[in-house]
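Have a look at the structure below, then the notes.
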Amino acid sequence: MKRRSFIKASLLGAAGGALAAPALVSAQTRNFTWKMTNAYGPGSPFYVQGPGSPTDFCNMVKAMSNGRLTIQHFAAGELIPALEGFDAVSKGIVEMNAANAYFWSGKTFAAQYFTAVPFGLNFQGFNAWLYHGGGQQLWEEVYAPFNLMPMIMGNTGVQMTGWFRKPIDKIDDLKGLKMRIPGLAGRVLAQHGVDVRLLPGGEIFPALERGVIDAAEFVGPFQDRRLGLHKAAKFYYTTGWHETSTATELIINKKAWDSLPPDLKEIVKAAAAACNAISQAWCEATNAEALDDLVKNHGVIAQPLSPEIVGTLRETNTRLLAEFTAKDPLVKKVHDSFMAFKANHDKWAGVSEAVYHAQIRGVTS
């Protein structure tokens, strides 16, 4: 009887395993069709199309997964308005959105740290903090209450202060200026009398040309030239104090993310990391030529802000960050991590990148 019972149990177990196997195979071979929205308009280089762009990311994922994960991309306005992606992904209306995290600093100020902090980390340091300094884990903690999985998938590197219709020689020259500039940098400038305006990229040139605004910040030489900003203002300040490394964010609905099998999750992360590197390299490749063209052929006056202005802005930024961190323990947690990593990374940069740049300028001491 015992032998018969053992054989019967074994046969049932084998049959159960045979029944379970197809289910396991099905989970690993299931196809997924997702939607990605974007904060930037159709045709935008870097932000929508081109090397390392969100469109490039979607193509990579489809190819790497052999079509098991297909992502349909929608630029701003094609499915939802430009700045509604955060809520759309949070609610599960769409699975993904591409934007900059500081657009959501009104929801949680900690989001600012995952795009750019004035006087913050450069591209190398920011990547090091995210990938190896606990930044990614903090980002996930910040976004967990919103049902979101975040990751970086692009970076412009250092950006420019922006375009001005008249020269800025001292801090008081900022008073009364109407300027398009987002994020914490806008709050810093507002402390010095700037009337900060938030405009999407496509509206910047006409506003600057008509005098609706007096100054505007967008990205860097290539992107700014494409918008024609040099036709409306000639003073181009190059000190990238406000965005020393500006990340593109990918957010994924957490329930959708959890539904992916492990291999597809790894494909998404690998494609995002690839686009992070490729997009920043593209910016490095295109900005040099564009800046040279703007100065030589379009009469643009490109120069850094004075040390006195930069020093004053740094002091204001430090004060504002202290105010925000005092209000929210999670913001303080992110801030302390970011700044501690920066202090350590600054030491390394001081004996690596800083020395290199001094040498190529011919500075020996």
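The values are calculated or read from the model by the stated rules, or taken from the named source; none is laboratory data. What you are looking at is a predicted structure, and each value in this text was computed from that prediction instead of being measured. Don't worry about glycine lacking a Cβ; one is built from the backbone with ideal geometry, like all the others, and counts go over all protein chains shown.
Computed quantities for the displayed model
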{"quantity": "Check on Gly211, outside the structural domain of Ala75 (by TED's automatic domain parsing), of a type in the set (Gly, Ala, Ser) and buried (at least 21 other Cβ atoms within 10 Å of the Cβ)", "calculated": "no"}
{"quantity": "Meets criteria (surrounded by 21 or more Cβ atoms within 10 Å (Cβ to Cβ), in a helix (DSSP H, G or I) and outside the structural domain of Ile309 (by TED's automatic domain parsing)) for Ala256", "calculated": "no"}
{"quantity": "Hits in region 287-307 (condition: surrounded by fewer than 20 Cβ atoms within 10 Å (Cβ to Cβ) and polar (S, T, N, Q))", "calculated": "Asn297, Gln303, Ser306"}
{"quantity": "Residue in region 325-333 that is more than 18 Å from Val158 (Cα to Cα), among the hydrophobic types (A, V, I, L, M, F, W, C), under 23 Å from the mean Cα position of the chain (by Cα) and surrounded by 14 or more Cβ atoms within 10 Å (Cβ to Cβ) present", "calculated": "yes"}
{"quantity": "Some residue of region 338-349 being within 18 Å of Gln159 (Cβ to Cβ) and at pLDDT below 95", "calculated": "no"}
{"quantity": "From the options Ala270, Ala281, Ala302, Ala274, residue that is more than 22 Å from Met149 (Cα to Cα) and in the same structural domain as Ser44 (by TED's automatic domain parsing)", "calculated": "Ala281"}
{"quantity": "Ile204 vs. criteria over 18 Å from the mean Cα position of the chain (by Cα) and over 25 Å from Thr312 (Cα atoms)", "calculated": "yes"}
{"quantity": "Single residue of Pro261, Pro307 found to be out of contact with any strand residue (DSSP E or B) (no Cβ under 9 Å at 6 or more places or on another chain) and in the same structural domain as Val94 (by TED's automatic domain parsing)", "calculated": "Pro261"}
{"quantity": "Some residue of region 130-143 being at pLDDT 95 or above and part of a strand (DSSP E or B)", "calculated": "no"}
{"quantity": "Any chance Asn317 is closer than 13 Å to Gly125 by Cβ, of a type in the set (S, T, N, Q) and modelled with pLDDT of 95 or more", "calculated": "no"}
{"quantity": "Residue within region 179-188 that is surrounded by fewer than 20 Cβ atoms within 10 Å (Cβ to Cβ) and either in contact with a Lys or Arg (Cβ under 7 Å, 6 or more places away or on another chain) or under 30 Å from Lys265 (Cα atoms) (or both) present", "calculated": "no"}
{"quantity": "Residue list for region 182-217, filter: in contact with a helix residue (DSSP H, G or I) (Cβ under 9 Å, 6 or more places away or on another chain), modelled with pLDDT under 95 and in a loop (DSSP other than H, G, I, E, B)", "calculated": "Pro182, Leu198, Leu199"}
{"quantity": "The lone exception for Thr364 - which of (1) crowded, with 18+ Cβ neighbours inside 10 Å; (2) at pLDDT below 95 it fails", "calculated": "(1)"}
{"quantity": "Scan of region 213-237 for residues that are more than 17 Å from Val295 (Cβ to Cβ), among the hydrophobic types (A, V, I, L, M, F, W, C) and in contact with an Asp or Glu (Cβ under 9 Å, 6 or more places away or on another chain), ordered by number", "calculated": "Ile213, Ala216, Phe218, Val219"}
{"quantity": "Test: residue in region 158-171 that is part of a helix (DSSP H, G or I), assigned by TED's automatic domain parsing to the domain that holds Ile301 and buried (at least 16 other Cβ atoms within 10 Å of the Cβ)", "calculated": "yes"}
{"quantity": "So Gln112, is it assigned to a helix (DSSP H, G or I), touching a residue at least 12 places away in the same chain (Cβ under 8 Å) and not basic (Lys, Arg)", "calculated": "yes"}
{"quantity": "Output for region 154-212, where each listed residue is in contact (Cβ under 8 Å) with a residue 60 or more places away in the chain, out of contact with any strand residue (DSSP E or B) (no Cβ under 9 Å at 6 or more places or on another chain) and of a type in the set (D, E, K, R)", "calculated": "Asp169, Lys170"}
{"quantity": "Residue count, region 46-60 (criterion: farther than 19 Å from Asp224 by Cβ, surrounded by 23 or more Cβ atoms within 10 Å (Cβ to Cβ) and hydrophobic (A, V, I, L, M, F, W, C))", "calculated": "1"}
